[in-house]
Amino acid sequence: MADIPVLTIDGPSGSGKGTIAQMIARELGWHYLDSGAIYRVLAFASLKHQIPALDENSLVQLAQTLDLQFHLDDDRLNVLLEGEEVSQQIRTEKAGNAASKVAAIPAVRAALLQRQRDFCQQPGLVTDGRDMGTVVFPDAQFKVFLTASAEERALRRYKQLKEKGIESNLSDLITEISERDKRDSERKVAPLLPATDALILDSTELGIAAVYEKVCSYCAI
Ligand SMILES: Nc1ncnc2c1ncn2[C@@H]1O[C@H](COP(=O)(O)OP(=O)(O)O)[C@@H](O)[C@H]1O
Ligand SMILES: Nc1ccn([C@H]2C[C@H](O)[C@@H](COP(=O)(O)OP(=O)(O)O)O2)c(=O)n1
């Protein structure tokens, strides 16, 4: 694993991690791991299989055997659970919150660790999440921590939902995003935290193209 280049992009919800990570993975032809999608699919699968939220043993067993596939297209990431397309269902705020809850269980995180590391293949990997630079790929060559104010991130989500024809309430989104930030940052295992050797980028005042340029120049692309 040591000689395979890895770029990790961690940060809170709506900071633009997925957008930038996918752009760079396509540009370089590297593999792409959306680690948040794994937690989202796990939460979704636990509902599908009617696993009670407090049944940790069953959740861990599900995490160990989760039948999950990713396909990165030119314009989106397709996610399949047990062969069934779930890309849209796992992107709701409700699914994000459910993911944040299962992700706070240490044994669930441990069960998913190797599955994430297996994405590290030649010619390289771009990955985004909360603990990619701190826990899953601590030896990554390039680490970015992308952030933005909660108001700006909620506004981005609001616009994103509107584009999909989904009406939402901006102040509810700010509250939801702040609650999720708090849960993700305060949990005991692998909290949302910049790696000590990460480039910290605040994108509150930066557009997508400007962030992309800064990350490319940091990675000398
Ligand atoms: N720097 C930016 N400025 C404005 N909008 C952005 C920026 N980065 C991402 N976006 C938009 O914000 C939304 C959320 O971005 P996304 O990459 O899904 O965030 P994350 O993966 O961190 O949750 C998307 O609609 C995306 O196009
Ligand atoms: N590496 C990761 C990725 C996501 N999670 C958890 C915490 C997050 O709130 C949820 C959903 O993550 P995801 O990156 O898909 O969410 P956003 O796109 O940032 O809204 O999963 C995690 O604990 N560790």
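The values are calculated or read from the model by the stated rules, or taken from the named source; none is laboratory data. If you're wondering where the values come from, they're calculated on a predicted model, not measured in any experiment. Note: ideal-geometry Cβ built from the backbone for every residue, glycine included; neighbour counts use all protein chains shown. With ligands, DNA and RNA removed, areas are computed over all heavy atoms of the protein, side chains included. Shrake-Rupley method; radii C 1.70, N 1.55, O 1.52, S 1.80 Å.
Report the calculated FRET efficiency for Thr65 and Glu205 (r = Cβ-Cβ distance, R0 = 45 Å), to the nearest 0.05. The partial results should precede the final answer.
On the way: r = 44 Å, r/R0 = 0.99.
Efficiency for this residue pair is about 0.50.
Between the amide H of Val126 and those of Leu7, His31, Tyr32, Leu33, distances stay under 5 Å, these residues lying 5 or more places away or on another chain, with hydrogens modeled in the peptide plane.
Note on the chain: with neighbouring protein chains present and a 1.4 Å probe, carbon and sulfur make up 52 percent of its accessible heavy-atom surface. The local environment of Gln121, defined by Cβ-Cβ distances under 14 Å, has a net charge of 0 under the rule Lys, Arg +1 and Asp, Glu -1. Straight-distance candidates among the lysines for linking to Lys159, with alpha-carbon spacing under 22 Å and chain neighbours fewer than 8 residues away dropped: Lys17, Lys94.
Sorted by packing (mean other beta-carbon atoms within 10 Å per residue), highest first, where do 126-132, 188-194, 89-95 land?
Numbers: 126-132: 27.6, 188-194: 16.0, 89-95: 17.7.
Per-residue Cβ counts within 10 Å, averaged per peptide and sorted highest first, yield 126-132, 89-95, 188-194.
With only alpha-carbon atoms in the gyration tensor, what are the semi-axes of the equivalent ellipsoid for the chain, in Å, largest first? If you can, show how the numbers build up before the last one.
On the way: eigenvalues 119, 94, 59 Å².
Whole-Å semi-axes of the equivalent ellipsoid: 24, 22, 17.
Once you've got the Cα coordinates, tell me which of Lys48/Lys162; Lys48/Lys182; Lys188/Lys214; Lys48/Lys188 are over 30 Å apart. Don't skip to the answer; put the middle values down first.
Numbers: Lys48/Lys162 27 Å; Lys48/Lys182 27 Å; Lys188/Lys214 32 Å; Lys48/Lys188 28 Å.
Check vs 30 Å cut-off fails for Lys188/Lys214.
Entry note, segment 6-218: relative contact order of 33 percent, from Cα contacts under 8 Å with a spacing of 6+ residues. Fraction of C-alpha pairs exceeding 15 angstrom in segment 180-221: 58 percent, rounded to a whole number.
What separates the Cα centres of segment 78-124 and segment 147-211 is a distance of 18 Å.
Taking every protein chain into account, the accessible area of the chain amounts to 49 square angstrom per residue (probe 1.4 Å).
Once you keep just the Cα pairs under 8 angstrom separated by 6 or more residues, what percentage relative contact order results for segment 125-221? Working shown, then result.
Details: 83 pairs, mean separation 39.0, N = 97.
Dividing the mean separation by the residue count of segment 125-221 yields 40 percent.
Start at zero, step by 5 Å, and the Cα-Cα distances of segment 76-132 spread as 4, 13, 18, 26, 27, 10, 2, 0 percent across the bins.
Quick one: net charge around Thr65, please, counting Lys, Arg +1 and Asp, Glu -1 for every other residue with C-beta under 12 Å from its C-beta. Around Thr65, the surrounding residues sum to -1.
Net charge within 14 Å of Glu179 by Cβ-Cβ distance, Lys/Arg positive one each and Asp/Glu negative one each, not counting Glu179 itself?
+2
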